[in-house]
Amino acid sequence: MRDLLTKRLSGYVPRLLTLDYPEAAVLVPVTNDHGNPEIVFTLRSENLSTHRGQVSFPGGRRDPEDHSLADTALRETHEEIGLPPDQVELIAPLSQVMSLHQILVTPYVGVIPGDHPLQANPAEIDSIFRVPVEFFLDDNRERTDPLNFLNNTFYVPCYRWERYQIWGLSAVVLVDFLNAVYDAGIDLLEPPPKR
């Protein structure tokens, strides 16, 4: 899996947003299984002040002690799901995105062992779940949400996996990953064709 991600993302140029907002970083954790890789997501606790009860990637706001945003993603992942930084092989950043709370988020793709035990931090995370990459490649969206950002409308898919809905910022990051690595061809600037 590492070789595929490294090859596909080596020529990828992430879009940077020139906005002066607080920074955060998330990890897009992909299991190291070339035949059936999975992406790890979290369901945020209902007790949090922002994005409560929503599906997200592990991550959070940058602390002053963090040397880089990559360090932020690794530290927050360790805090939220118990995955130590030495179990993550960072591959590359994806395009920056802006949260509804005006936080500039930089996602990082990382390869993780598929068999490493993960433990949700109950103060922040309700549950941890995995979805096979293959599930997303057919773009079996449950719905499409039009989101306005910087005078553009983005048509963001919402995917349902079991009891979880993957939508909003997490879906934008997911689509960027799928398009960059798998040429999924999911266009956020056009509404999807009627099925």
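Here ALA120 clears all of (1) assigned to a loop (DSSP other than H, G, I, E, B); (2) of a type in the set (Gly, Ala, Ser); (3) out of contact with any strand residue (DSSP E or B) (no Cβ under 8 Å at 6 or more places or on another chain) except the condition numbered (3). Does ASN151 fit the bill of being surrounded by fewer than 19 Cβ atoms within 10 Å (Cβ to Cβ) and closer than 29 Å to LEU19 by Cα? So ASN151 passes the test.
Among the residues of region 173-195, count how many are out of contact with any Pro (no Cβ under 9 Å at 6 or more places or on another chain), hydrophobic (A, V, I, L, M, F, W, C) and either surrounded by fewer than 16 Cβ atoms within 10 Å (Cβ to Cβ) or closer than 15 Å to ASN140 by Cα (or both). I'd like the intermediate steps shown before the answer.
Residues of region 173-195 that are out of contact with any Pro (no Cβ under 9 Å at 6 or more places or on another chain), as a first pass: 178-179, 181-185, 187, 189-190, 193-195.
Now narrow it down to the ones that are hydrophobic (A, V, I, L, M, F, W, C): 178, 181, 184, 189.
In the following step, the residues that additionally are either surrounded by fewer than 16 Cβ atoms within 10 Å (Cβ to Cβ) or closer than 15 Å to ASN140 by Cα (or both) were identified as 178, 184, 189.
The number of residues fulfilling the criteria is 3.
Of all residue pairs spaced 6 or more apart or on separate chains, those with beta-carbon atoms under 9 Å, a first member in region 127-151 that is farther than 18 Å from ASP33 by Cα and of a type in the set (Ser, Thr, Tyr) and a second member that is open to solvent by 50 Å² or more (accessible area, probe 1.4 Å) and part of a strand (DSSP E or B) are THR144/TYR155. Of TYR159, TYR182, which residue is under 26 Å from GLY82 (Cβ atoms), modelled with pLDDT of 95 or more and touching a Leu at 6+ places or on another chain (Cβ under 9 Å)? Only one candidate passes the filter, namely TYR159. Could you go through region 45-52 and let me know if any residue there is of a type in the set (Asp, Glu) and at pLDDT below 95. Yes, because at least one residue in region 45-52 is of a type in the set (Asp, Glu) and at pLDDT below 95.
Do we have any residue at all in region 138-150 that's within 27 Å of LEU5 (Cα to Cα) and touching a Leu at 6+ places or on another chain (Cβ under 9 Å)? Yes, region 138-150 has at least one match. Among the residues of region 31-54, none qualifies, meaning not one is crowded, with 21+ Cβ neighbours inside 10 Å, in contact with a Phe, Trp or Tyr (Cβ under 6 Å, 6 or more places away or on another chain) and not aromatic (Phe, Trp, Tyr). Between PRO107, PRO113, the distinction of being touching a residue at least 60 places away in the same chain (Cβ under 8 Å) and closer than 22 Å to ASP176 by Cα belongs to PRO107 only.
Residues that are in contact with a helix residue (DSSP H, G or I) (Cβ under 9 Å, 6 or more places away or on another chain), open to solvent by 60 Å² or more (accessible area, probe 1.4 Å) and either within 16 Å of SER95 (Cα to Cα) or outside any helix (DSSP H, G or I) (or both) within region 55-80 comprise ARG61, ARG62, GLU65, listed in sequence order.
The values are calculated or read from the model by the stated rules, or taken from the named source; none is laboratory data. Just so it is clear, the structure is predicted and the values come from calculations on it, not from any experiment. Note that we place each Cβ from the backbone using ideal geometry, even for glycine, and neighbour counts take in every protein chain shown. Side chains included, ligands, DNA and RNA excluded: accessible areas come from the protein's heavy atoms. Shrake-Rupley method; radii C 1.70, N 1.55, O 1.52, S 1.80 Å.
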